[in-house]
1. What value, in deg cm²/dmol to 500, does the helix sum -39500 (n - 2.57) over DSSP H runs of n ≥ 4 give at 222 nm once divided by the residues of the chain?
2. Mind checking which of Val59, Ile36, Leu88 is farthest towards the positive end of the range 2-157's charge dipole, using Cβ charges of +1 (Lys, Arg) and -1 (Asp, Glu) about the Cα centre?
3. Pop out the ³J(HN,Hα) list for the range 307-313 in order, Karplus 6.51 cos²θ - 1.76 cosθ + 1.60 with θ = phi - 60°, rounded to Hz; leave Gly and Pro as x.
4. To the nearest 10 degrees, how steep is helix 135-144 against the longest Cα principal axis of the chain, on a 0 to 90 scale?
5. So how do 22-30, 182-190, 67-75, 53-61 stack up, highest first, on mean other-Cβ count within 10 Å?
6. Explain nothing, just the number: relative contact order of the range 2-145, from Cα pairs under 8 Å at least 6 residues apart, as a whole percent.
7. Can you tell me, using C-alpha contacts under 8 Å and at least 6 residues apart, the relative contact order of the range 186-317 as a whole percent?
8. Over the Cα atoms of the range 206-318, what is the Rg over Rh ratio if Rh follows Kirkwood?
Amino acid sequence: MKVFNDISCFEASNPVVTIGIFDGVHRGHLEILNRIKKLAKSYGGESVVITLWPHPRFVLQPDNNDLRLLASLNEKIELIEKHGIDNLVILPFDKQLANITYDRFVSDYLVGSIKARHIVVGFNHHFGKDRKGTFENLQKSARENGIMAERLDPVTIDGVRVSSSSIRHMIEEGRITAANEALGYPYFLSGHVVEGNKIGRKLGYPTANIQINEPRKLLPRNGVYAVLVRVNNQVHQGMMNIGFRPTIAMPKHERTIEVNLFDFQNDIYHQPIKVAFLEWLRCEKKFDSLHELRDQITIDKKEILKIFATLNHINELI
């Protein structure tokens, strides 16, 4: 996949285009990606995804810190590339871009720079200044410029519409299996291993403390999770705790992310690490002693191993 950070450098034959935030690149997005690939093949052309970075809300509502992302920019690139897209154009989102009207965006960007043959959007897509670029307006502008435009129906699971916002709610509530179903893959985070206080080692369960690469990445609900871990190009089973470690007296009340890799003793400090969440096990809670905490961790590991025993093709999940 070719990645363009400057639209003026873009060049492709018979482009079939979609545009959106694509946060999480979930199953609803996958329908769009599959559609543009199919159309591109029929045109003898190339599939093109146009995305915006940073997320428009960070630019238009800089004082609102509520939004958390399902995917960093690098994670989004990785996910889109995995689905076989030919080209990705990353438009730097700023207030100047935000003030471009929808009709000018079609004429200047989609037609002028990209030279699109066909445009595909999702069911709730809006674009241009004040989000006035509805699908009806897109169709009108497309006709005026001699190109095709179409909108896909929403994807639903058990009657619930798949969207980035609904998936965020699932993850915040610890409903990881439901979120993974909507995403089409296990939710994951990327970061690197940093030094901790080594309490886990004393308990017989050494942990890798993780600092995530994207500070605005959405973290799941506090608690214990069954996870898969990729480090040094190898996949390991493990269990993760997210929270404040209430049993341990800490000088700073900071939320931590730490993972225990099963049957693993190597030094991985400062190494890049990727963790995929498979299932939420329990809430984080305070124990009366480290001995009680260790006993609970032993129980947790047994339960998580039962989860792994039911899974096939584990390496393909991360």
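Each value in this text was obtained by applying a stated rule to the coordinates, not by laboratory testing. None of the values given here were measured: they were computed from a predicted structure. Neighbour counts are summed over all protein chains in view; Cβ atoms, including those assigned to glycine, are modelled from backbone coordinates with ideal geometry.
1. -8000 deg cm²/dmol
2. Highest projection toward the positive end goes to Ile36.
3. 5, 4, 5, 8, 9, 10, 6
4. 40 degrees
5. My ranking of the peptides, most packed first, is 22-30, 182-190, 67-75, 53-61.
6. 34 percent
7. Relative contact order for the range 186-317 comes out at 32 percent.
8. 0.94
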